[in-house]
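For reference, the structure is listed below as structure tokens.
Quick note: the coordinates plus some simple rules give every number you see, no bench work behind them. Note that the coordinates shown come from a computational prediction; the quantities given were computed from them, not determined experimentally. Please note: Cβ atoms are built from the backbone with ideal geometry, for glycine as well, and neighbour counts cover all protein chains shown.
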Amino acid sequence: MVGRMGMLMEAGGRSMMFEYGMSPTKPPSYPLPAPKVDHAFLTHCHLDHCGMIPWLTSRYDNDIFTAPLTAEIAEMMMYDSLKIAKAEGYPEPYNEDDIERTMRNVIPLEFGDVIEVGDLEVEMHRAGHVPGAMMFQVFNGSSTLYTGDIHTINTRLVEAAEPVKCDNLIIEGTYGGRLHPDRKQSEKAFLDKIEEVVNRGGKVLIPCFAVGRTQEVMMLLNGTHYDKWLDGMGRSIARMYMQYPEYLINPKALRASRRAFKEVKNAQMRGKARKGEVIVTTGGMLDGGPVLNYMKSVKDDPLSAILITGFQAEDTNGRMLLEKGYVNIDGSMEKINCEVQRYDFSAHADHDQLVSFVKGCDPQNIVIMHSESREPLYEELNGRYNVILPELEKTYELE
Ligand SMILES: [Zn+2]
Ligand SMILES: [Zn+2]
């Protein structure tokens with residue numbers, strides 16, 4: 001194990017790195033330096049999975065197996081995190097040339113593809129989570145499934161992951177011990193709240209993650225009659241998604257929702273958007289992006305509302321808003337006096353969904369990664385299966 005997300009697998013005479021990410025905290029936290037690898041496998045484009053791949057490639061010139069959509073979005077995220085590092089004075093773990101080299105080394109794959117890597121075969125499967133997200137199954141006599149982040153329900157954006165029979169299962173456990181509310185009910189509560197706020201004369205500010213959540217919320221709002229605006233990196237991602245309709249559960253609906261939103265392309269339009277009824281904008285944890293600009297115009301209006309649609313990590317503005325009612329805008333602590341609500345549109349499987357996915361895969365060994373609350377999953381699964389909770393820098397042998 002080399003970090004919260006990052007796993008080195010030695011098999012068939014090859015050394016393979018499954019993801020190599022960083023946590024985009026302030027300052028960012030980086031994984032342990034990786035030993036030499038021959039190949040990297042990238043499940044999806046979130047920075048905690050892809051953020052350090054250029055570091056790897058700059059040293060080992062390894063290839064990167066991933067979906068073409070993932071590569072395209074990851075490239076944008078890497079450049080963006082480099083830009084933030086420069087602006088904030090954080091150490092830069094790689095440079096622009098390293099990102100370019102990473103992109104040159106990408107070997108694009110589709111779901112259902114089976115490739116040969118040395119003596120091994122690797123098969124790609126759909127992971128749900130966000131468009132393009134992939135699970136990798138490595139065949140080496142026995143088979144090992146590496147899931148990355150998964151969701152096992154169809155969302156408006158992406159089709160669910162399905163269990164894959166395997167001997168070893170390396171699975172994420174983000175929502176171990178926790179359950180999501182019913183998706184349909186969350187969606188209804190969210191739409192009802194927007195209607196209420198607009199009817200009372202307020203504006204609705206919806207901060208969203210650029211990848212996945214923005215587009216899902218757009219689709220949810222498709223067919224509503226409000227004056228709707230879209231700002232931030234989520235715009236570019238929506239455009240990229242339309243170039244890869246094969247990863248979307250309903251590309252027509254996303255195309256229609258893009259037409260239903262006015263896109264903010266410059267400062268003048270941002271001024272107009274501020275007078276609109278519904279604003280969907282990046283960033284999802286209120287730590288950067290155009291959202292802070294819009295906060296200024298709703299924060300003192302009790303008729304308006306901020307609707308949080310994603311997980312808020314510790315030490316983020318979003319978490320501070322939910323817990324204390326304050327947000328740091330341009331260095332000053334501002335009290336937020338408008339209504340604030342939170343909705344669960346998670347892109348991760350919850351405890352029960354993970355357990356039924358595991359049962360469907362029916363492995364002998366399970367390794368639980370990507371989780372701060374792994375014990376409830378351990379409790380439920382160990383005994384029936386051999387469950388491993390990996391520790392940093394440790395090596396584990398699977399048959
Ligand atoms: Zn993810
Ligand atoms: Zn993740």
Bins of 5 Å from zero: percent of alpha-carbon pairs in segment 183-342: 2, 9, 20, 23, 22, 15, 7, 3, 1
Bins of 10 Å, starting at 0 and running to the largest distance - Cα pair percent for the chain: 5, 23, 32, 26, 12, 3, 0
Could you tell me which residue out of 190, 202, 142 lies farthest along the dipole of segment 140-212 toward its positive end? Charges go on the beta carbon: Lys and Arg +1, Asp and Glu -1, centred on the Cα centre. 202
Residues whose modelled amide H sits under 5 Å from the amide H of residue 63, counting only those 5 or more places away in sequence or on another chain, are 40
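Restricting to Cα atoms and excluding each atom paired with itself, what does the Kirkwood estimate give for segment 82-220 in Å?
Details: mean 1/r = 0.0532 Å⁻¹.
Result for segment 82-220, one decimal place: 18.8 Å.
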Excluding residues fewer than 8 places away in the same chain, name every one of the aspartates and glutamates whose C-alpha is closer than 14 Å to that of residue 262. 227, 231, 277
Of 272/324; 193/324; 165/188; 324/394, which pairs sit farther than 27 Å apart, going by alpha carbon to alpha carbon? 272/324; 165/188; 324/394
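In what order do 145, 286 fall by count of nearby beta-carbon atoms within 10 Å, going from fewest to most? Each step should come with its number before you reach the end.
On the way: 145 21, 286 25.
Ascending Cβ contact count within 10 Å gives the list 145, 286.
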Going 7 Å from the Cα of residue 184 in the Cα-to-Cβ direction, what parts of segment 340-360 have a backbone nitrogen less than 18 Å from that spot? 344-346
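Add +1 for every Lys or Arg and -1 for every Asp or Glu among the other residues with Cβ under 12 Å from the Cβ of residue 247, and state the total. Walk me through the numbers before you get to the answer.
On the way: positive: 126; negative: 72, 110, 159, 246.
Net charge in that neighbourhood comes out at -3.
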Separation in nanometres of the label points that stand 7 Å from Cα toward Cβ, at residue 314 and residue 266: 4.5
Run lengths n ≥ 4 of DSSP H only: what is the helix-derived mean residue ellipticity at 222 nm for the chain, with -39500 (n - 2.57) per run over all residues, to the nearest 500? -9500 deg cm²/dmol
Around residue 350: net Lys/Arg minus Asp/Glu count, Cβ-Cβ under 10 Å: -1
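Would you mind telling me the antiparallel percentage of the DSSP bridges in segment 183-342, rounded to 5? Don't skip to the end; give the middle numbers.
Values: 4 of 20 bridges.
Within segment 183-342, antiparallel bridges account for around 20 percent of the total.
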Exposure proxy ranking, count of Cβ atoms within 10 Å, fewest first, for 16, 295: 295, 16
Give the aspartates and glutamates reachable from residue 83 as a straight Cα distance under 18 Å; neighbours fewer than 8 places away on the same chain don't count. 48, 72, 75, 92, 96, 97, 98, 100, 287, 330
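Which percent, nearest 5, of DSSP beta bridges in the chain are antiparallel? Please list the in-between numbers first.
Values: 26 of 64 bridges.
If I count the DSSP bridges inside the chain, around 40 percent turn out antiparallel.
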What order do you get for 97, 80 when you list them from fewest to most C-beta neighbours inside 10 Å? 97, 80
Between the alpha carbon centres of segment 18-75 and segment 301-316 the gap in Å comes to 29
